[in-house]
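First comes the structure, then the notes that go with it.
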Amino acid sequence: MTTAALPALDPLFRRSAKRTRDVFASCPDEGLRDEEKSARLRLSVKIHDEYRDFKELPPALLSQQGTVGPSRPRDPTRKMITAGPDNDTSRMIAAIDNTPISQPSTFTSSTKLSQALTLHKTTRTIKPTYHPPWKLVRVISGHLGWVRSVAVEPGNQWFATGAGDRVIKIWDLASGELKLSLTGHISTVRGLAVSPRHPYLFSCGEDKMVRCWDLEANKIIRHYHGHLSGVYALSLHPTLDVLVTAGRDASARVWDMRTKAQIHVLSGHTATVADVKCQDSEPQVITGSMDSTVRLWDLAAGKTRVTLTHHKKSVRALAIHPTEYSFASGSSGGNNIKKWKCPEGSFVFNFGGHNAIINTLSVNAEGVFFSAADNGSINFWDYNTGTSFQTMEDIPQPGSLEAEAGVFCSTFDMTGTRLITGGADKTIKIYAEQSAQ
């Protein structure tokens, strides 16, 4: 028994589609549109079931809300977008549910709004203070290695430098002549500080040594033992007989200057502590580390007060303003120099534009802020506004390689009118503020 062949599906499907089209062609949208009553019902059920708990903010968050911004234009048709499909659903939702209740604008008129915006604009644009330009006035050579540290004596008569040749040299500030060479370190001298209240010079180096030199006898009188690796930075407390050193063992150590006792080990950083600074008000100790954080320390307790994690790369340099209650930190990359407010360490702003590995920062009482980098780029900034007013390049001394243009250390003298820097070309450069002609 043979079965009859079934007709092909394709022509049947086409014929059916044509008939269906003929049936609904007279009113194309009628078959697709929901009945309004059922659509309203479905929307109201959905609003109630899914959104009833989220239509308004909880009271705790509602109390934190600021004032309402400008209201909509009075003319409802003005600047309306007419293109695109007409959305009935949103109109329907507005008709079904009117929460949250729209608040009246706090700006009663457009003039008040423009006044507020003008005020906002004026508060943002602070005019930078004028600072005269700086120029290189002296280059001193004498060291046989990279000049890694510099410190000016409080009487402003001389300054000391420490270098990769393991020697500390004392120079006359006015003439630039060598007065004295101190030997004793067996590796690079990385930190120097002259005490304002004793005839002492403190030094630290990559040989793990922290030493106190008597400047009347020109001899080492004290050693401070405890660091497990190279010591990279040193700072004296301005009012207490305390010195703080920091280094490659990821710690900062607080020493009693007189008894050589270790008062605290400030531990918490996870990499080399590259710089440390002390001040007489809280936070009394600030450290910057290769773990890309800055820590503010409670000196009495020996514990971290605040950890600042804004930097993306190693923090190699810190600078405390001598009169303003603030400090700055420098790392590498974009937005790499940041200003902070004491005592809580709140971020103020970025000094933008010096895109290099920042090795050293210095600031004077007039608000001249100096930053210098590994590639020899030098920037002078207005400290109050973060505006750069001068950029320069460190020129290596004749006979040096191009790569020896890096600047490692810097400090202003006590008057703030001269700047001393130490570089990779083994020279000390002195910059001076140009007086108005």
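Here Ser377 clears all of (1) open to solvent by 10 Å² or more (accessible area, probe 1.4 Å); (2) out of contact with any His (no Cβ under 8 Å at 6 or more places or on another chain); (3) farther than 21 Å from Thr270 by Cβ; (4) among the small types (Gly, Ala, Ser) except the condition numbered (2). A count restricted to segment 224-233 and to residues that are assigned to a strand (DSSP E or B) and either open to solvent by 20 Å² or more (accessible area, probe 1.4 Å) or of a type in the set (S, T, N, Q) (or both) stands at 1.
If I filter segment 190-210 for residues that are of a type in the set (Val, Ile, Thr), open to solvent by 10 Å² or more (accessible area, probe 1.4 Å) and touching a residue at least 60 places away in the same chain (Cβ under 8 Å), do I get at least one hit? So far as segment 190-210 goes, no, none of its residues is of a type in the set (Val, Ile, Thr), open to solvent by 10 Å² or more (accessible area, probe 1.4 Å) and touching a residue at least 60 places away in the same chain (Cβ under 8 Å).
Out of the residues in segment 170-189 meeting the condition of being among the aliphatic types (A, V, I, L, M), open to solvent by 30 Å² or more (accessible area, probe 1.4 Å) and out of contact with any Gly (no Cβ under 9 Å at 6 or more places or on another chain), tell me which one is nearest to Ser362 (Cα to Cα).
Ala174
Considering segment 37-65, the residues that are acidic (Asp, Glu) and at pLDDT below 80 include one that is surrounded by the fewest Cβ atoms within 10 Å (Cβ to Cβ), namely Asp53. Taking strands (runs of 3 or more DSSP E) as the structural unit, those lying wholly within segment 236-313 and holding at least 2 residues that are open to solvent by 30 Å² or more (accessible area, probe 1.4 Å) correspond to 262-267, 294-298, 303-308. Filtered by the rule that a residue be among the acidic types (Asp, Glu) and without any contact (Cβ under 8 Å) to a residue 40 or more places away in the chain, segment 375-417 gives Glu393, Asp394, Glu402, Glu404. In segment 161-169, the count of residues that are modelled with pLDDT under 95 and loosely packed, with under 15 Cβ neighbours inside 10 Å is zero.
When segment 220-274 is limited to residues that are in contact with a strand residue (DSSP E or B) (Cβ under 8 Å, 6 or more places away or on another chain) and among the basic types (Lys, Arg), the one that is nearest to Pro322 (Cα to Cα) turns out to be Arg253.
Can you find even one residue in segment 121-135 that is at pLDDT below 95, of a type in the set (A, V, I, L, M, F, W, C) and more than 27 Å from Thr387 (Cα to Cα)? No, the conditions are met nowhere in segment 121-135.
For segment 129-148, the candidate set comprises residues that are buried (at least 19 other Cβ atoms within 10 Å of the Cβ) and over 20 Å from Ser400 (Cβ atoms); within that set, the residue that is farthest from the chain's Cα centre (by Cα) is Trp134. Can you confirm whether segment 260-283 contains a residue that is under 15 Å from Pro238 (Cα atoms) and of a type in the set (S, T, N, Q)? There is at least one residue in segment 260-283 that is under 15 Å from Pro238 (Cα atoms) and of a type in the set (S, T, N, Q).
The values are calculated or read from the model by the stated rules, or taken from the named source; none is laboratory data. Just so you know, these numbers come straight off a predicted model, no measurement behind them. Cβ sites come from the backbone with ideal geometry, for glycine too, and all protein chains shown count toward neighbours. Note: areas computed on protein heavy atoms with side chains; ligands, DNA, RNA excluded. Shrake-Rupley method; radii C 1.70, N 1.55, O 1.52, S 1.80 Å.
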